[in-house]
């Protein structure tokens, strides 16, 4: 009975210790995921967002990207290589057409083919409402490459995978 | 009669367990009346006793006790190592079953209406294509990077077939197909295209929207996760 008592006290303490370790010393996967969470947070827009928050978010979005980021999409019009400033401007322009926007990422598959490079395959879901009231719902599989520069993981390539080919 | 417990029962220690055993609860009430605490008369507690224990049951209190204990054990089980192991096994089974074999999902969107309305709940049965291939008219779930977000579509053509839409009608290899599940008007036109090897062509049942706004097309068989359970 005493053993069970010690077990009941000891096991939660060990679990809490392990969780605390991973929380305070995140591994590289956690750091990569954090970049996606920040992108999601800064791209998303609530209906009551003020101009100051909007400008701050636009500025922040640029800091997540490498000096040049390559975008590959099935439609050729968007594909190309963009600078941080161009991405910030483009994101700001897209956000201005929407009254509400929510970007979420699911199903992360993170690989580290080289020491300072990571390849991430994931699902991105983009929901919102345009300023005219039209519902927007887009889901895509994305293949992203991030580079570690000055201890920060920055997006260097984003490719939209064509799941359904018309 | 006064102060006496029903036959086969003890009045000492057991009275403290009154909440657990209803037959002892009566004993406790009798003792309270004796002490003058309760408002019941002797006639009241005697009649209570006979109401609680109908004629045939008075000598079978141990059987009733066993049943009550079983019921209590079922709803409020004892926190024993055996019980913990059982809970862990059930949790593990549920995690594997609902996480990998029979994945619950909610339908968001109108592309499969009226067959699968927006907001419906279903399960993706993953073993359906374990030993077989998707066939025409099967409703399937198509994955993106994982199983958190999937597409629900109907297979209309298989590999090496020629798909075409003419004025909303589906043509496979130049032959018009019967599609009873398409109930909403459709005016799509799509030039013929051949389905590649190891692929299927999937479309939603609701084709009332413009063709540009509907997600459909050829997808790899590897992306098919399973079928909705109903």
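The values are calculated or read from the model by the stated rules, or taken from the named source; none is laboratory data. Note that the structure is predicted; figures quoted are calculated from it, not measured. A quick note on method: Cβ atoms are made from the backbone with ideal geometry, for glycine too, and the neighbour counts reach across all protein chains shown.
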Hits in the range B:206-229 - residues which are more than 9 Å from chain A (Cβ to nearest Cβ) and closer than 22 Å to residue A:136 by Cβ: B:206, B:207, B:208, B:209, B:210, B:212, B:213, B:214
Lone unmet requirement of (1) within 14 Å of chain B (Cβ to nearest Cβ); (2) in contact (Cβ under 8 Å) with a residue 24 or more places away in the chain for residue A:111: (2)
First in the range A:143-166 and within 14 Å of chain B (Cβ to nearest Cβ), second anywhere and assigned to a loop (DSSP other than H, G, I, E, B), Cβ under 7 Å, 6 or more apart: A:160/A:73; A:160/A:74; A:162/A:74; A:163/B:144; A:164/B:215; A:164/B:216; A:166/B:216
The range B:125-152 - residue that is more than 8 Å from every other protein chain (Cβ to nearest Cβ) and within 18 Å of residue B:195 (Cα to Cα) and, of those, surrounded by the most Cβ atoms within 10 Å (Cβ to Cβ): B:140
Candidates A:13, A:110, A:61, filtered to the one that is surrounded by fewer than 10 Cβ atoms within 10 Å (Cβ to Cβ) and modelled with pLDDT of 90 or more: A:13
Hits in the range B:188-205 (condition: within 9 Å of chain A (Cβ to nearest Cβ) and not in a strand (DSSP E or B)): B:196
The range A:97-113: number of residues that are closer than 17 Å to residue A:55 by Cβ and touching a helix residue (DSSP H, G or I) at 6+ places or on another chain (Cβ under 8 Å): 1
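Would you mention how many residues in the range B:110-154 are over 22 Å from the mean Cα position of the chain (by Cα) and part of a loop (DSSP other than H, G, I, E, B)?
Taking the range B:110-154 first, the residues over 22 Å from the mean Cα position of the chain (by Cα) are B:110-114, B:129-138, B:142-146, B:153-154.
Cutting the leftovers down to part of a loop (DSSP other than H, G, I, E, B) gives us B:110-114, B:130-138, B:144-146.
Total satisfying the criteria: 17.
Residue check: is residue A:131 out of contact with any helix residue (DSSP H, G or I) (no Cβ under 6 Å at 6 or more places or on another chain) and surrounded by fewer than 16 Cβ atoms within 10 Å (Cβ to Cβ)? Outline the logic, then answer.
Values: out of contact with any helix residue (DSSP H, G or I) (no Cβ under 6 Å at 6 or more places or on another chain): yes; surrounded by fewer than 16 Cβ atoms within 10 Å (Cβ to Cβ): yes.
When the stated conditions are applied, residue A:131 passes them.
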Residue match in the range B:96-105 (condition: within 14 Å of another protein chain (Cβ to nearest Cβ) and surrounded by 15 or more Cβ atoms within 10 Å (Cβ to Cβ)): yes
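Looking at the range A:114-127, which of the residues that are within 20 Å of the chain's Cα centre (by Cα) and away from every other protein chain (no Cβ under 14 Å) is modelled with the lowest pLDDT?
Of the range A:114-127, the ones within 20 Å of the chain's Cα centre (by Cα) are A:116-127.
This time we only want the ones that are away from every other protein chain (no Cβ under 14 Å), so: A:116-118.
Values: A:116: 90, A:117: 94, A:118: 95.
The qualifying residue modelled with the lowest pLDDT is A:116.
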